[in-house]
Amino acid sequence: AANCAMVGEDEMMDVNGGGAIETAAKAVIAVGGALGLIFGLLSVVKSRVCNAVSTIFVDVIRGVPMIVLAFMIYFGVPQAINGLLTGAKFTLSALQAGTVALALNCGAYMAEIIRAGIQSVDPGQMEAARSLGLPYWRAMAKVVLPQAIRTMIPSIINQFIITLKDTSILSVIGFPEL
């Protein structure tokens, strides 16, 4: 409790800007969930290009260790941008780089959770919705996804817990632990 000051009998208050850390945690979950939804849906569409884009994103991000991803974003991205733009002084704070690294990692794993959840629904459900005249995306949103969400919930909660634990890895770039 070195970073805390006593407020009340059992309450502690973070004196080092806990609001920014909480905002970063919420941003990681929101952006990671959005990335996961986008790439998860891209992986179940019948387009080979969409499948390839999703597969490349998921395989690359999941294949890179979290500490390497954090170093690449914290040190590599500013170096690359400053090298491309002459005279630029682009930098990322540890909080920004850590948030981006966690969001990308969370998004890749969420994409696989969403893909697996959608594929767990019987294909006959989509066929039945389509035979009733629903367009593909409406059938997906109204018939398939509500059933898939039931099977995805435990894995999504587990992924959020893992993402919270991964913040300790980011301490090497100065990211405060959540």
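The values are calculated or read from the model by the stated rules, or taken from the named source; none is laboratory data. Just so we're clear, the structure is a prediction, and the values are computed from it rather than from any experiment. For neighbour counting, all protein chains shown are included, and Cβ atoms are generated from backbone atoms with ideal geometry for every residue, glycine included. Side chains included, ligands, DNA and RNA excluded: accessible areas come from the protein's heavy atoms. Shrake-Rupley method; radii C 1.70, N 1.55, O 1.52, S 1.80 Å.
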(request) Evaluate E = 1/(1 + (r/R0)^6) for residue 86 and residue 168, where r is the Cβ-Cβ distance and R0 equals 35 Å; express this FRET efficiency to the nearest 0.05. (result) 0.40
(message) Given a 10 angstrom Cα cut-off, can you work out which residue in 135, 78, 154 is the most mobile in a GNM of the chain?
(response) 135
(request) Would you mind working out the accessible area per residue for the chain, using a 1.4 Å probe, and quoting it in Å²? (result) 59 Å²
(request) Treat every Asp and Glu Cβ in the chain as -1 and every Lys and Arg Cβ as +1, leave all other atoms uncharged, and give the resulting dipole magnitude about the Cα centre to the nearest 20 debye. (result) 980 debye
(request) Run the accessible area of the chain with a 1.4 Å probe and give the carbon-and-sulfur part as a rounded percent. (result) 64 percent
(request) Just flag the trypsin sites (Lys or Arg not before Pro) in the range 29-132 sitting in loop per DSSP whose Cβ has no more than 15 other Cβ atoms within 10 Å. (result) 46, 89
(request) At q = 0.15, 0.19 Å⁻¹, what is the base-10 log of I(q)/I(0) for the chain according to the Debye formula with one equal point scatterer per Cα and no solvent? Please give it to two decimals. (result) -0.92, -1.20
(message) Once you place label points 7 Å from the Cα toward the Cβ at residue 72 and residue 149, how far apart are they in nm?
(response) 3.3 nm
(request) Report the relative contact order of the chain, percent, no decimals, based on alpha-carbon pairs under 8 angstrom and at least 6 residues apart. (result) 28 percent
(message) Can you list the DSSP H helices in the chain whose Cα atoms extend at least 20 Å along the helix axis and whose mean Kyte-Doolittle hydropathy is 0.5 or higher?
(response) 18-44, 48-63, 94-120, 145-166
(message) Run lengths n ≥ 4 of DSSP H only: what is the helix-derived mean residue ellipticity at 222 nm for the chain, with -39500 (n - 2.57) per run over all residues, to the nearest 500?
(response) -22000 deg cm²/dmol
(message) Please compute the contact order of the range 24-124 in relative form: average sequence separation of alpha-carbon pairs under 8 Å and at least six residues apart, divided by the residue count, as a percent.
(response) 51 percent
(request) Would you mind telling me which residue in 133, 40, 87 has the biggest mean-square fluctuation in a Gaussian network model of the chain, where springs connect alpha carbons within a distance under 10 angstrom? (result) 87
(message) For residue 130, project a label point 7 Å along Cα to C-beta. Then give me every residue of the range 31-59 with its amide nitrogen under 14 Å of that point.
(response) 44-47
(request) Straight distance only, please: which lysines reach the Cα of residue 142 with their own Cα at less than 19 Å, same-chain residues fewer than 8 apart left out? (result) 46
(message) Can you compute the modelled spin-label distance between residue 27 and residue 141, with each label point 7 Å from Cα toward Cβ, in nm?
(response) 2.8 nm
(message) Report the Rg/Rh value for the range 76-178, based on alpha-carbon coordinates and the Kirkwood definition of Rh.
(response) 1.20
(request) With springs only between Cα atoms under 10 Å apart, run a GNM on the chain and tell me which of 43, 131, 54 wobbles the most. (result) 131
